[in-house]
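First the structure, in the form of C-alpha cells, and then the observations on it.
FYI, it's all coordinate maths here, none of it is from the lab. Keep in mind the model is a prediction, meaning the values are calculated, not measured. Methodologically, a virtual Cβ is constructed for each residue, glycine included, from the backbone with ideal geometry; neighbour enumeration extends over all protein chains shown.
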Amino acid sequence: MTSLERALTAINLGIPDRVPVDLHNFCVAAEMMGGSYKDIFTDGKKIAQSQILAWEEFRHDVLLVEVGTTTTAEAVGCKVQYRGHDAPVVTEPLLDNLKDVDKLKVPDPYRSGIQMREMLKAVRILRDKLADKVFIMGRADQGPFVLAAQLRGYDNFLMDLAERRNIKLIHKLLDFCCQVIIRYVLALIEAGAHGSSIGDSAAGPDVVSPAIYKEFAFPYERKLIQKLKDKNVIMATHICGNVDSIIEEMVATGSKIIEIDHKTDLKKAKKAARNKTCLLGPIDTERLRRGTPDEIDKLCRKAIEIAAPGGGFILGPGCAMAGDTPLENIHALVDSARKYGVYR
Ligand SMILES: [Zn+2]
C-alpha cells in the first residue's frame with residue numbers, strides 16, 4: 001500500500017496493511033529548515049519545502065500542513081505576532097463590541113491574509129510533488145468556537161458566554177466563523193489537499209464546561225462538518241486535553257477523524273469511535289519532547305494495542321509537537337507503527 005492508500009483505508013474505517021502515521025510537526029519542520037519561523041510561515045514555497053524535508057526524514061503517511069492557530073483570524077483582520085521559535089499568536093482581537101459582527105466579511109482565501117494565501121500555495125506545491133503518495137491534510141486552522149474567541153478576545157468571549165446577554169449576536173458570530181472556515185477548507189481542497197482539519201481546543205473540558213461545548217461549539221462543528229461532507233470533504237477535528245465528557249458529541253459531529261491527546265481515555269474513545277470515526281493520536285507531545293526513544297516506543301505500543309484493533313486508527317502526536325522535539329523520538333514513533341501496527 002502507498003501511504004495515501006493506507007491513510008484513506010484507515011479514514012474509511014477499513015483495515016490497512018499497518019497503522020498509518022501522521023505527524024503534527026509544522027514547528028519541527030520549520031526547525032529542520034532553519035531560519036526564522038516568520039520567514040517560513042509567510043512563504044508558501046518554504047512551508048512546502050519544510051514539509052518535504054520532514055517527509056524525506058520520517059516517511060510518515062499523513063502530512064499535516066499548517067502554520068499554527070492564527071491563519072483564519074489573520075485573514076479576517078486580527079493582528080498577528082510572529083515569534084522566533086514558536087507558532088504565531090493573535091495579539092489584538094477585532095470585536096470591541098459584539099454588535100460589530102455585522103461589519104465582518106468572509107475573507108477570500110486567495111486574496112486575504114498572508115498565511116492563508118501562502119498556505120494555499122504550499123498545498124499546491126505539495127500536491128504536485130506528493131499527492132499520489134501521501135495523504136495531504138490542509139489544516140483549516142481553528143474551529144468556529146476558537147475563531148470566535150480570537151475575533152472577540154478570549155476573556156471577552158468567555159464573559160459573553162457567562163453573561164448570556166447577547167446570545168443572538170454570539171450565535172451570529174459563530175455562524176460567521178463557520179462561513180470563514182468552510183470557505184477556506186474549500187480553497188484548500190481546490191488547491192489539492194485530500195482532506196482538512198480544525199482545532200477547537202478552547203471549547204474542550206479543560207477550558208469550558210461540557211454544557212458550553214454542547215451549546216456553543218458542537219452545533220457549529222457539526223453544521224460545518226456536515227456541509228463539507230455534502231461536498232465529499234474529509235474533515236478531522238481536534239480538541240486538546242481530556243475530552244472524555246464530550247467524546248460522544250465529537251463523534252456525532254460526523255467528523256471522519258477525531259484527533260485526541262494522551263489525557264483522553266483511549267479505551268473510551270475507541271469504544272465511542274468504533275465503526276463511526278477514525279481516531280488520530282494520542283502520543284503525549286511533552287514526552288515526545290523530553291522523553292527517550294525507548295519511552296516513546298512503549299507509549300506507542302500501548303496506544304496501538306488499544307486503538308488499532310479493527311482499523312480506523314492513525315498513530316501520531318496528540319497535538320502539535322514543539323520545534324525542539326528530538327528527531328530520534330519522532331523516528332521512534334514512526335518506527336513503532338511498523339513494529340507493532342502491522343495487521344495480520
Ligand atoms: Zn492540541
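How large is the helix-only mean residue ellipticity at 222 nm for the chain, computed as the sum of -39500 (n - 2.57) over DSSP H runs with n ≥ 4, divided by its residue count, in deg cm²/dmol to the nearest 500?
After summing the helix terms and dividing by the residues of the chain, the value is -14500 deg cm²/dmol.
Let me know the longest stretch in the chain that avoids all chymotrypsin sites (Phe, Trp or Tyr not before Pro) found in a DSSP loop with at most 14 other C-beta atoms within 10 Å.
Counting only loop sites that pass the neighbour cut-off, the longest clear stretch is 111-342.
At Ser36 and Arg111, where each label point lies 7 Å from the Cα along Cα→Cβ, what is the point-to-point distance in nanometres?
Rounded to a tenth, the inter-label distance reads 2.9 nm.
Kindly provide the trypsin sites (Lys or Arg not before Pro) of the stretch 159-230 that DSSP labels as loop, not H, G, I, E or B, and whose Cβ sees at most 16 other Cβ atoms within 10 Å.
Arg164, Arg165
Among Ile47, Ile234, which comes first, second and so on when ranked by fewest other beta-carbon atoms within 10 Å?
Starting with the residue having the fewest Cβ neighbours, the order is Ile234, Ile47.
Based on the Cβ-Cβ distance from Lys276 to Asp175, what FRET efficiency comes out when R0 is 25 Å, to the nearest 0.05?
Here the calculated transfer efficiency is 0.45.
Give me the number: length gained by fully extending Lys168 to Arg290, i.e. 0.36 nm times residue separation minus the C-alpha to C-alpha distance, one decimal in nm.
Gain on stretching Lys168 to Arg290: 39.4 nm.
Once a ≥ b ≥ c are taken as the square roots of the eigenvalues of the Cα gyration tensor of the stretch 137-274, is the result rounded (a/c under 1.5), prolate (a/b larger than b/c) or oblate (a/b not larger than b/c)?
oblate
May I ask you to compute the full-extension gain from Lys229 to Leu53, defined as 0.36 nm times their residue separation minus their alpha-carbon distance, rounded to one decimal in nm?
Gain on extension, Lys229 to Leu53, equals 60.2 nm.
To check you understand DSSP bridge types, tell me what percent of the beta bridges within the chain (both residues inside) are antiparallel, rounded to 5.
15 percent
Under a plain spin-label model, where a point goes 7 Å from the Cα along Cα-to-Cβ, how far apart in nm are Thr91 and Lys45?
Computed distance between label sites Thr91 and Lys45 equals 2.8 nm.
Given contacts defined as C-alpha pairs under 8 Å and at least six residues apart, what's the relative contact order of the stretch 3-340, whole-number percent?
21 percent
Starting from the 7 Å offset along Cα-to-Cβ, what nm value, one decimal, do you get for the label separation of Asp324 and Ser209?
4.0 nm
When the convex hull of the Cα atoms of the stretch 3-340 is projected onto a plane and the area is averaged over all directions, what value comes out in nm²?
Quarter of the Cα hull surface area: 14.7 nm².
Given the pairs Lys256/Lys302; Lys46/Lys302; Lys79/Lys271; Lys99/Lys267, which span a C-alpha to C-alpha distance of over 32 angstrom in this model?
Lys46/Lys302; Lys79/Lys271; Lys99/Lys267
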